[in-house]
Amino acid sequence: MRSIVVPLPGRDRSYRIVVEPGLRHHLGELLAQVLPGRRLWLVSDVRVGRLYGQEVAEQLRQQGFQAALLTVPRGEGSKSWPVLARLIRILLDQGADRGSALMALGGGVVGDLTGFLAAVFMRGLPVVQVPTTLLAMVDAAIGGKTAINIPAGKNLVGAFHQPRLVVIDPEFLLTLPARERRNGLAEVVKTGFIRDAGLLELLAGPGRRLLRDPGLKNRDLLTEIIARAAAIKAEVVAADEQEGDLRRVLNFGHTLGHALEKASRFRLKHGEAVAVGMAAALDFSVTLTGLSPEEAHRGRELLASMGLPTQPPPLPKDEILRALKVDKKKQGERLVFILLRRLGDAVVYPAVPGALIAAWLDEHAGG
């Protein structure tokens, strides 16, 4: 079992990320090490709940936990006030108290929603993240950023609430649809872009074939790729827990990506939108931070080879620009982007000109 520590200041705030095929069968013994009590509510979406939720809940009951399963609809619509309020009512009706704990069993939507629920219910419950998508395994489940969406934009209401444990079982990916695997690949590639050019080389070679293999035959290599990306996320979070400066590099591709998601009414998946955002950021990096055109081309080629888009779908440009104006990372009227000096070397760029973004959209977006 690979174990990655996220070292954080303060008593009992550091936690582990454990990565190993088959770990879902050992959740009880892992949870017993980090949770103060035995009352636990699992939150999943309806698909993951059907595939794994009842199995995991029953297994935990056999291992001494009082475990109940709650399900929410699939998709970004579940990161909302009404769904949050419904879960709070259920927890109260079922007798949850400050000695209880929550588990997020699902992808990024479930992880964000459950983490925020844990942050606000009775001023804070312990939460364990058990991600079932590649995107959540390497990004959303790690670092304690939790949120729901509001009509004005994505993730605009949230809290930092670190998990007690992150349990990553790559075997969950066996039932992940091909589009969702590609969705997660965007965050793996992002990790290489910002901090590990060697990971990009691995993905361009054996990793590309592995991650397209529906049978996941080489699970050792898959585990290595996941652990490597997760370790980079953990390193950045430990150095900058609440996104003061360094942690912002994790948003490479996300500034424009979130705007594209919103403009598409979330029909464009997060990883797909981020991939387009990364393609744009590569172009901006050539203009603004000295990235060579050859490296930018290599970056776009890698994204395309992973089956990820590098051009936005036809969307109204004014809606994209309007969504950019409420980006969380915006500082005053300045649009903060993460750009690259070289592949594997990211920098926070505090003021990408709006004219440059508009010109890129004019050239690449069909709306």
Handout entry: Qualifying residues in region 297-321 (those that are farther than 30 Å from G207 by Cβ and out of contact with any Ser or Thr (no Cβ under 7 Å at 6 or more places or on another chain)) - the one surrounded by the most Cβ atoms within 10 Å (Cβ to Cβ)
Key = I320
Problem - Matching entry among L40, L117, L91, L30 (being in a strand (DSSP E or B) and in contact with a strand residue (DSSP E or B) (Cβ under 9 Å, 6 or more places away or on another chain)) - result: L40
Completion exercise
The condition from (1) part of a strand (DSSP E or B); (2) modelled with pLDDT under 95; (3) crowded, with 23+ Cβ neighbours inside 10 Å; (4) of a type outside the set (F, W, Y) that D139 misses is numbered (1)
Completion exercise
Inside region 280-297, the number of residues satisfying the requirement of being under 21 Å from H254 (Cβ atoms) and either touching a His at 6+ places or on another chain (Cβ under 6 Å) or of a type outside the set (D, E) (or both) is 11
Practice task
Check region 277-285 and report whether any residue there is out of contact with any helix residue (DSSP H, G or I) (no Cβ under 6 Å at 6 or more places or on another chain) and within 15 Å of R182 (Cβ to Cβ).
Solution key: yes
Practice task
Could you tell me whether region 231-240 includes any residue that is at pLDDT 90 or above, over 20 Å from P7 (Cβ atoms) and not polar (S, T, N, Q)?
Solution key: no
Exercise for the section: Say whether the condition of being touching a Gly at 6+ places or on another chain (Cβ under 8 Å), surrounded by fewer than 17 Cβ atoms within 10 Å (Cβ to Cβ) and not small (G, A, S) is met by at least one residue in region 274-293. Expected result: no
Fill in the blank from the handout: Reported set for region 32-45 where residues are under 12 Å from Q129 (Cβ atoms) and surrounded by 19 or more Cβ atoms within 10 Å (Cβ to Cβ) is L42, V43
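The values are calculated or read from the model by the stated rules, or taken from the named source; none is laboratory data. What you see is a predicted model; the values in this text were computed from it and never measured. Note: ideal-geometry Cβ built from the backbone for every residue, glycine included; neighbour counts use all protein chains shown.
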